[in-house]
1. Please compute the average number of Cβ atoms from other chains found within 10 Å of each residue's Cβ in peptide B:162-175.
2. Of A:L172, A:V19, A:V94, whose Cα points farthest to the positive end of the dipole of chain A (charges on the beta-carbon: +1 Lys, Arg; -1 Asp, Glu; origin at the Cα centre)?
3. Kyte-Doolittle mean at least -0.5 and Cα extent at least 18 Å along the axis: which DSSP H helices of chain A qualify?
4. Tally Lys and Arg at +1 and Asp and Glu at -1 over the other residues with C-beta under 11 Å from the C-beta of B:R54: what net charge comes out?
5. Report the Cα centroid-to-centroid distance between the range A:4-47 and the range A:87-139 in angstrom, as an integer.
6. Smallest Cβ-to-axis distance in chain A, for the rotation taking A to B: which residue, how many Å?
7. Could you quote the convex hull projected area for the range B:3-138, Cα atoms only and averaged over all directions, in nm²?
8. Quick check: net charge around A:L172, other residues with Cβ under 11 Å of its Cβ, Lys/Arg +1 and Asp/Glu -1?
Protein chains: 2
Amino acid sequence: MESTFLKLKENERELRKSVLIEAAMNLFSKKPFHEIGMRDIASEAGVSAASIYRYFASKDDLYVEALIIDIGKIIKKLDEMEKRSIEKLAITVVDYMFDQEATFQLMCHFLVRGEEASAALEKFHSVQILFVKEFNRIVKDLTGEKNKEFHSEAFFASLAGVVMMFRNYPVLTKKERRELMHKIALVIIEKGKPVI
Amino acid sequence: MESTFLKLKENERELRKSVLIEAAMNLFSKKPFHEIGMRDIASEAGVSAASIYRYFASKDDLYVEALIIDIGKIIKKLDEMEKRSIEKLAITVVDYMFDQEATFQLMCHFLVRGEEASAALEKFHSVQILFVKEFNRIVKDLTGEKNKEFHSEAFFASLAGVVMMFRNYPVLTKKERRELMHKIALVIIEKGKPVI
DNA sequence: TGTACATCAGTGAACGCGCGTTCACTGATGTAC
DNA sequence: TGTACATCAGTGAACGCGCGTTCACTGATGTAC
């Protein structure tokens with residue numbers, strides 16, 4: 001009985017956390033990443049900034065948990081993808097990173113800062129490893145080949161680089177940028193031909 | 001006579017600018033990118049923070065000019081490379097981005113922030129286009145093929161992605177990370193085989 | 001040669017702001033006896 | 001049933017700090033006549 005109550009409370013706590021995380025994720029598409037502060041997230045969620053610290057140790061801690069949930073969604077999306085092919089995988093990944101400002105910004109936020117060695121960064125590193133493994137599994141499932149592990153790592157890293165490089169590419173419209181990224185993604189996976 | 005004096009003055013001004021830029025570039029390897037402020041750059045250069053604003057309109061303006069100079073150096077380095085091959089090109093690019101913290105951070109700084117539309121960002125966009133063209137030229141010179149333009153774009157973007165993804169990859173030592181990145185870079189250019 | 005003026009590098013101090021985070025407190029709910 | 005106590009979500013206000021940038025000013029150098 002007691003433990004059930006405790007569990008309910010724990011669930012409720014998790015729910016509250018995810019409300020805060022979703023508020024943050026919402027904001028990312030409304031406001032430039034670097035202009036978002038704790039007060040913004042709080043008011044988006046309808047609470048005070050101080051409240052957030054009941055649930056997260058720091059801003060980076062909230063961010064890393066947000067990214068974890070988001071990565072879970074990507075993995076799920078890739079797993080449930082219909083008519084799976086390596087081309088479709090690439091397009092889906094590129095589109096996700098292009099459209100979900102939150103995902104991309106959070107990913108860069110943690111990837112680009114090295115050093116520092118905070119608790120949040122350690123958490124991120126665990127997720128990073130986990131994601132690489134999951135992505136590798138998905139690629140393996142798809143190709144059936146016993147390809148060496150670093151191939152799928154090369155694959156994802158390349159796609160990430162393409163999105164980073166061209167998501168704000170000048171002159172082009174958003175639509176053209178998307179098409180360019182798709183084109184390049186297909187170049188990357190083009191089989192049996194020189195890549196460059 | 002007058003115009004000579006004016007020119008000398010202009011030269012001196014450019015020299016002073018480059019002193020500030022070099023001070024900033026120096027700092028990037030000493031201190032995490034996001035902890036560097038105008039006062040740091042100023043004291044590294046031996047002037048006051050206010051002085052910087054005699055030469056640069058803003059922090060981002062200084063940064064973008066620093067990046068321009070750095071990109072010039074990369075292009076020069078790639079052009080002067082001995083025993084040129086596409087493999088060596090890849091390794092050189094990867095190493096440069098891995099070792100020159102300044103280059104990598106500045107590149108990400110401008111690539112990741114979109115929107116905003118500041119004067120500095122517009123400057124960056126010109127350089128971005130210019131760099132893509134130069135890099136394309138180098139790749140073309142090297143391969144001799146009439147490869148389509150987006151191939152060299154795919155190539156560089158992939159390498160950038162690899163560095164972003166693995167430069168702080170946990171568990172591994174710095175040496176192992178470098179080796180991993182080299183390995184992946186070679187996978188990316190591996191010809192006549194499936195990329196993934 | 002001397003004097004008045006213009007130019008501009010350089011600066012210390014301050015402005016103004018916003019940030020992440022903490023504190024002391026309230027009030028609601030559940031628990032113990 | 002009532003009372004004392006514990007727990008904890010939530011908060012307004014403040015802390016403390018550092019940032020990019022501006023301002024009013026000094027002083028050196030060059031120019032004009």
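Rule-based calculations on the coordinates, nothing more; no lab input. Computed from a predicted model, the values in this text were never measured in an experiment. Cβ placement follows ideal geometry from the backbone for every residue including glycine, while neighbour counts extend to all protein chains displayed.
1. Values: counts 7, 3, 8, 11, 7, 3, 11, 7, 7, 2, 0, 0, 0, 0.
Mean number of neighbouring Cβ atoms from other chains: 5.
2. A:L172
3. Details: long enough: A:2-28 (40 Å, -0.32); A:59-80 (32 Å, 0.07); A:86-99 (20 Å, 0.81); A:119-143 (36 Å, 0.26); A:149-166 (27 Å, 1.13); A:174-189 (23 Å, -0.12).
Sorted by number, the helices that extend far enough and score high enough are A:2-28, A:59-80, A:86-99, A:119-143, A:149-166, A:174-189.
4. On the way: positive: B:R13, B:R16, B:K17; negative: none.
Neighbour charge sum, excluding B:R54 itself: +3.
5. 20 Å
6. Closest to the rotation axis on chain A: A:G161, 1.
7. Values: hull surface 40.1 nm².
Result: a mean projected hull area of 10.0 nm².
8. Details: positive: A:R167, A:K174, A:K175, A:R177, A:R178; negative: A:E176, A:E179.
So the environment of A:L172 carries a net charge of +3.
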